[in-house]
């Protein structure tokens with residue numbers, strides 16, 4: 001089959017939104033399909049929002065491929081008679097983040113009109129798809145709530161999961177992802193002020209905002225945490241990530257209302273490590289269950305500190321929950337064979 005993978009991207013930012021496309025391309029080729037990958041840049045700035053949606057809408061790849069699979073918005077606006085969506089999130093500032101400090105435009109007549117235009121466009125173009133999958137149940141729930149569209153969660157695996165392994169359950173809580181405010185590395189830093197054990201926190205990842213990275217570094221200095229906390233603000237390769245997680249005690253992933261379980265949670269599972277997360281982490285909680293394959297705590301530094309102290313003091317518990325996290329993968333059918341079958345039949 002000739003398949004075109006279509007998505008949007010933010011220039012110079014690499015992360016899960018690109019990995020899901022690129023890794024699927026690799027796996028489709030392994031299964032004998034011809035694949036083209038098509039990206040257009042997208043910045044969700046209100047003054048050019050509809051123009052950027054129009055750019056996708058004007059593209060027509062109907063004659064050049066048997067199937068089109070669209071991912072990040074507004075790629076679902078592209079026309080094709082056999083369009084499949086693996087929908088990974090809305091333009092959230094106009095959807096579930098409306099009415100919060102993340103709202104993109106004022107709640108005025110013009111702001112509400114722009115929001116309604118976007119919702120109407122999304123609903124119409126999403127409904128053109130032959131099948132609609134999402135990367136999580138939470139995103140499927142939003143599609144039903146806002147667009148009246150029923151979707152099936154299809155959990156994205158990682159490429160080459162065999163590179164991840166377990167070597168030991170050491171002293172380090174590893175937090176490996178992009179350094180961004182909504183990932184809440186700051187929350188884990190706050191927690192380290194209250195730990196009583198010798199547990200350490202290591203934050204690895206490239207910051208998209210230099211000011212946020214400076215804020216974290218300044219916090220470590222101001223609160224004299226340099227003997228307990230390490231921050232490495234740089235791109236972490238997949239191989240290096242596997243090395244970090246192989247020796248970690250556990251993995252921290254504490255985003256605010258994440259769209260999916262997040263690749264760090266999945267990488268932890270392949271490394272047989274449990275995940276430290278929070279009750280407001282969103283889609284992370286579709287994979288991580290409290291006291292089974294991780295610890296789910298209120299977003300409170302004192303509570304988090306007590307939780308990671310407990311893991312440090314009870315390595316057998318950390319190991320048991322890490323093994324349970326690995327077992328959770330098959331329960332949720334997080335594997336490429338299931339993904340390929342779903343998207344190509």
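Quick notes on this one:
- Helix-only [θ]222 nm of the chain, DSSP H runs n ≥ 4, -39500 (n - 2.57) each, per residue, nearest 500: -12000 deg cm²/dmol
- Difference of contour (0.36 nm per residue) and Cα-Cα distance, residue 323 to residue 152: 58.8 nm
- Folded to 0 to 90 degrees: helix 109-126 orientation relative to the chain principal axis, Cα: 80 degrees
- Calculated P(r) tail over 27 Å for the stretch 2-154, as whole % of Cα pairs: 19 percent
- Label-to-label distance for residue 144 and residue 107 is 2.6 nm, based on points extended 7 Å past Cα in the beta-carbon direction.
- Using the Cβ-Cβ distance between residue 222 and residue 131 with R0 set to 56 Å, the FRET efficiency from 1/(1 + (r/R0)^6) comes to roughly 0.60.
- Sequence-separation-based contact order of the stretch 161-331, relative, with Cα cut under 8 Å and 6+ spacing, percent: 28 percent
- Computed over the stretch 2-154: relative contact order in percent, which uses C-alpha pairs under 8 Å that are six or more apart: 21 percent
- Approximate spin-label separation residue 237-residue 160, in nm, with each point projected 7 Å along Cα-to-Cβ: 0.9 nm
- Where N is the number of residues in the stretch 128-206, Cα Rg divided by 2.2 N^0.38 Å: 1.61
- Residue-span extension gain [residue 196 to residue 12] - 0.36 nm each, minus C-alpha spacing: 62.2 nm
- For the chain, the percent of C-alpha pairs falling in each 20 Å distance bin, counted from 0 to the bin holding the largest distance, reads 30, 56, 14, 0.
- Taking every alpha-carbon pair under 8 Å whose residues sit at least 6 apart, the chain reaches a relative contact order of 14 percent.
- Computed E for residue 341/residue 22 - FRET, C-beta separation, R0 22 angstrom, nearest 0.05: 0.65
- Measuring between their Cα centroids, the stretch 36-104 and the stretch 292-345 lie 31 Å from each other.
- Rh by Kirkwood over Cα pairs, then Stokes-Einstein D for the stretch 161-331 at 1.002 mPa s and 20 °C, µm²/s: 139 µm²/s
Laboratory data are not the source of any read-out in this text; all were calculated from the coordinates shown. Worth saying up front: this structure is predicted, and the values here are computed from it rather than measured. Note: ideal-geometry Cβ built from the backbone for every residue, glycine included; neighbour counts use all protein chains shown.
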